[in-house]
Amino acid sequence: MNRAGGATRATPWLFLAPALLLLGAFALVPMLRAARWSFTGADLLDVGGARWIGAANYSDLLTDPRFRRAFFNTALFALMVVPAQAALAFFLALWVNRPEPHWRWLRTVFFVPVVVSMPVLAVLWTMLYQPLRGDQMGLVNALVAGLGLPAQDWLQNPRLALPAIAFMSVWQGVGFQMMIFLAGLQNLSKDQLEAAQIDGANAGQRLRHVIVPAMRSSIAFVLTATLILSFRLFVQPYLMTRGGPADSTVSLIQFVYETTFLGRELGRACAGAMLFLLLVAGLTLLQRLFAREVRS
Amino acid sequence: MKRALGWLAAGAIALGFLLPLLWMLHASFRPEAEVFTGGFRGLFSFRGLGLDNYAAAWRRAALGIGLLNSILQVAGILGLGLLFNSMAAFALARFEFAGRRLLFGLVLVLIILPVEVLAVPLLLTVRDLGLTGGYGRTLAALVLPFAVKAFNVYFLRQHFLALPRDLEEAAVVDGAGPFRIYWSVALPAIRPALATVLVLDVLTHWSDFIWPLIVCTRAETRTVQLALANLFTQPPIQWGDILACAVLVTLPVLLVFRLAQRHVVASDLGAGIK
Amino acid sequence: MVGNGQRLRLRSDFPSVRRAWQWTLAALLATGAAGCAPERPAAPHVVRVWCQQGQEAENRAMREMAAAFNAAHAAQNLAAQITFFPDFQYTEKVSIAAAARDLPDVLALDGPTVAQFVDAGLLRPIADWFSEEELADFAPTIRAQGTLGGELYALGAFDSAMVLYYDREMLARAGVEPPAADRGWTWDEFLAACARLKAAGFDPVSLHMDESGDEWYTYAFSPVIWSAGGRLISADGRQVEGVLNAPENAATLRRWREVFARDFAARAPIDPNPFGHGQTAMDWSGHWMVRAHLAAKGARLGAMPLPRMGPETVAACGSWCWGLTQGARDPDGAALWLRWVTDPVHGIQPIVAANGAVPARASAYPLFPEYADPPFRLFRELQETAGRPRPRTPVYPTLTQHFAAALRDVARGADPQESLDRAAAQVQRRIDRQRGAP
């Protein structure tokens, strides 16, 4: 916009001021303070008395079995959720992508768990995963038993707890990724598809040679977004398992939380937070590079 | 015939997908002692259904005040966010100024910043700004840090960029200043994008957990999710009450989604991504 | 004037600046107070009180207590203002409030968490506000849980007691003989009784493994470790590695686990009160259930000390108590509240009538005739002869978090030694970091 619109040099900054102020105060300042505290022995209850201890927090975290476990669990969770959710969302999108308005309800169905908030679903699935006891049982075990399989103590078994949480998380979030794929599909030109059809390509070939290449940016977005979201794992283990059994569901954010509020070790928690941020930044960068590679 | 089969398959899959939520709804009306009885067949038991759980949940979880708090929180974030995010987005889309590229880069970086992990430094910052303690302060602490969202700025900027310039230029000829153009021309033109942002914000913040958990220390500042978590962890554990509370927490956001659904077109979501 | 000081403190940005403000204000106030006549201002002097939200009867009793306090102190223009906090992670909430510099004048604390607040310099010694005789009137367990480094920081109105409740009729039908009065079973006798009950078709015992908070596990099952002669942490509070995970403790938990392995108790119960509902024959529980159980069972209700692994019966004890914060605006006024809530007539009687806990002062017992008979009499005996408070250490929240996780894991079948090793390593690292810090 030029000066004819009455804009002066200050105008853009007036427009930006509220956003910059809030982002500065509530995103940049906390981040910088966390970075500084991460090199101190700051105590939650006595932040002022913190001493500079160099990288001691970092070296301690990297050798702490619980932090490593939290890291491993979070990565494992992402590894379970991201491919499953993206693939399921993609096929659901292909399936519900029908022009007739009377099929619209199907999209709503898959989106409903997204609307129901995560704490509610964490509470609900804790009940669904209830083990069998007499004629009392959770729905999951009722279904499993109905299929003639042995009932499981899903959230109390160190091998099953994280997969069980991953399963409910995929179910919860798949509708959102489906919507994004749906948007991508609707931007796909009809001509491309029809041309492919006339060429006699079958469904598999159409998918590989027409749909997937055309959806590249949607796919990249969904993978990145799901990855970052899955790294934020907190509510499910916090409410469903408290990180147990045998530390099998403790997550990075949960580690930071308990280090702060149970251990009072603010400096150490901030070091954990900084490592987490580095990780997320690194993953995003990697994904960007990868996406660029694919595109060229 | 084939079509009927298609419908049948779709119906079955949809039913299976929603089964957990249907179970929640049904069990929330069952008597406390029977919530888990009967396994799968329990789903078809209609004996003794009633509203007792709802009455108890409403009272024990103090849901009245919880709902009010959550509504104020989300409304505050939506209101301030709508204004501040779109203003920033408009500036980034329409003005040439030194540092624009840098600022835009910053926005892109902040999109991936997971707020949860910085919750504690944020708490101490909020404290130093005097936003802890009383009811009004706590509410401000719930709203202000999340009103401006990098993703929303980015998303709205993309939509402003996609607007044809003719309209705005016509307004300039009419003598409109930049704020008039933003408010009366550009903003109304991206209404679907605004609706999308609003709905996403409602979904995100209605389910906020870790930040309210930290900042809402007192019973009267609790949001709905905390009220539910409290019911879920404080003995005596009453499963029926918990389920009824879960349903009550879900209803408002479901309602909002139902009302807003037709304004949010999937393709808008896509436009911001590229 | 004092109120303004509080607000100013909240506003200033940096801790050092804030501290400077505090000192300046304190100096100003001291000189001001010396210069002014010692009259109370016209507006009521408010003592801000925080406490955990308990059961409804307890909350009501607390409110009535505050109303009585305010009426009695109207002449001195002193009024208490109570804020209830959800029990859901109360201690975390207090830590957060402390970090946010938002603490009240007086606050309720769970016994074992007193140490960390003392360590952080948030509480002030309170012995000066009580006479020697008054202090001697408090149960030793209650004084012990509030004492750190020889200073008294907290006192409570009541103590807790844990017992094994049983249904006389169910035991009789299974042919199980309850032990002689006041004498608990050994662990083997307990397991044998469970086996007979199970053979007779009963669910033997409930251990409440559905509790979501960590504290239940540490509170309820530390006595098992203690009765076998084990410890959670060394006496000087510096060593957990080699203490908590001593092979003897692992062996104790291996025997403890049999209750679950042989399906005598549910690993993941759904019903929070199966004993009251007639589902189980025995209940590993405490004073807080006595009134409900009496109402449900009447004369069928029996109670005995918890089963012991060694020669000695040890009972868990310790409960909520009151501390006075360093930042209290009017410590003398706040101390009046402290005296009120621990007074036999004004404080102990109403709250104990509401929650059934064990009175914290010997002189309060005459107010409770039921303490002449079992099961109440057993509570008092256990507290006086076998009560042991949980460890007093600033790292208690970390200790209880990891010990509770180990107990839950062991109950699910994990190896006791491995579980305790993992817990001990975490707590030891925490202690070493604290000690290594300058």
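General observations
- The condition (being crowded, with 18+ Cβ neighbours inside 10 Å, touching a residue at least 40 places away in the same chain (Cβ under 8 Å) and more than 30 Å from B:Val107 (Cβ to Cβ)) is satisfied by just one residue among A:Asp43, A:Asp64: A:Asp43.
- Listed by position, the helices (runs of 4 or more DSSP H) contained in region C:108-182 that have at least 2 residues being of a type in the set (A, V, I, L, M, F, W, C), assigned by TED's automatic domain parsing to the domain that holds C:Trp337 and surrounded by 16 or more Cβ atoms within 10 Å (Cβ to Cβ) are C:114-119, C:140-145.
- Applying the set (1) under 29 Å from C:Ala68 (Cα atoms); (2) part of a helix (DSSP H, G or I); (3) in contact with an Asp or Glu (Cβ under 6 Å, 6 or more places away or on another chain) to C:Ala328 leaves exactly one unmet item: (2).
- Those residues of region C:43-82 which are part of a loop (DSSP other than H, G, I, E, B) and either touching a Lys or Arg at 6+ places or on another chain (Cβ under 9 Å) or not aliphatic (A, V, I, L, M) (or both), in sequence order: C:Pro44, C:Gln53, C:Gly54, C:Gln55, C:His73, C:Gln76, C:Asn77
- When region A:67-80 is filtered for residues that are touching a residue at least 60 places away in the same chain (Cβ under 8 Å) and either of a type outside the set (S, T, N, Q) or within 9 Å of chain C (Cβ to nearest Cβ) (or both), the ones remaining, listed by number, are A:Phe67, A:Arg69, A:Ala70, A:Phe71, A:Leu76, A:Phe77, A:Ala78, A:Met80.
- Members of region B:227-242 found to be part of a helix (DSSP H, G or I) and in contact (Cβ under 8 Å) with a residue 24 or more places away in the chain, listed by number: B:Ala227, B:Leu228, B:Asn230, B:Leu231, B:Trp239, B:Gly240, B:Asp241, B:Ile242
- Residue in region A:92-104 that is under 23 Å from C:Arg408 (Cβ atoms) and surrounded by fewer than 17 Cβ atoms within 10 Å (Cβ to Cβ) present: no
- Residue within region A:112-133 that is touching a strand residue (DSSP E or B) at 6+ places or on another chain (Cβ under 9 Å) and either free of Cβ contacts under 8 Å to residues at least 40 places away in the same chain or of a type in the set (Val, Ile, Thr) (or both) present: yes
- Selection of region C:258-273 for residues being of a type outside the set (Gly, Ala, Ser) and either surrounded by fewer than 19 Cβ atoms within 10 Å (Cβ to Cβ) or modelled with pLDDT under 90 (or both) yields C:Glu258, C:Phe260, C:Arg262, C:Asp263, C:Arg267, C:Pro269, C:Ile270, C:Asp271, C:Pro272, C:Asn273.
- Scanning region C:90-107 for residues that are out of contact with any Asp or Glu (no Cβ under 8 Å at 6 or more places or on another chain), acidic (Asp, Glu) and not in a helix (DSSP H, G or I) yields one hit, C:Asp102.
- Complete set of residues in region A:143-161 that are away from chain C (no Cβ under 11 Å) and not in a loop (DSSP other than H, G, I, E, B): A:Leu143, A:Val144, A:Ala145, A:Gly146
- Residues in region B:165-220 that are among the aromatic types (Phe, Trp, Tyr) and crowded, with 21+ Cβ neighbours inside 10 Å: B:Tyr182, B:Trp206, B:Phe209, B:Trp211.
- Positions within region C:395-413 being buried (at least 22 other Cβ atoms within 10 Å of the Cβ) and not in a helix (DSSP H, G or I), in sequence order: C:Val395
- Filter pass, C:Arg380 being part of a helix (DSSP H, G or I), within 14 Å of chain A (Cβ to nearest Cβ) and either of a type in the set (Phe, Trp, Tyr) or surrounded by fewer than 23 Cβ atoms within 10 Å (Cβ to Cβ) (or both): no
- Filtered residue count, region C:231-243, keeping only those that are touching a residue at least 12 places away in the same chain (Cβ under 8 Å) and more than 21 Å from the chain's Cα centre (by Cα): 6
- Count of region B:20-34 residues which are more than 18 Å from A:Val140 (Cβ to Cβ) and either of a type in the set (Phe, Trp, Tyr) or within 22 Å of the chain's Cα centre (by Cα) (or both): 1
- All positions within region B:213-226 that are among the aliphatic types (A, V, I, L, M) and either more than 9 Å from chain C (Cβ to nearest Cβ) or assigned to a loop (DSSP other than H, G, I, E, B) (or both): B:Val224
- Across region A:180-228, the qualifying residues are those that are touching a Ser or Thr at 6+ places or on another chain (Cβ under 9 Å) and closer than 22 Å to A:Leu162 by Cβ, and the one among them that is modelled with the lowest pLDDT is A:Ile228.
- Options B:Leu22, B:Leu67; residue that is part of a helix (DSSP H, G or I), under 26 Å from B:Ile210 (Cα atoms), modelled with pLDDT of 90 or more and not aromatic (Phe, Trp, Tyr): B:Leu67
The values are calculated or read from the model by the stated rules, or taken from the named source; none is laboratory data. The model shown is predicted, which means the values in this text are computed figures rather than measured ones. Here the Cβ is made from the backbone with ideal geometry for all residues, glycine too, and neighbour counts use every protein chain on show.
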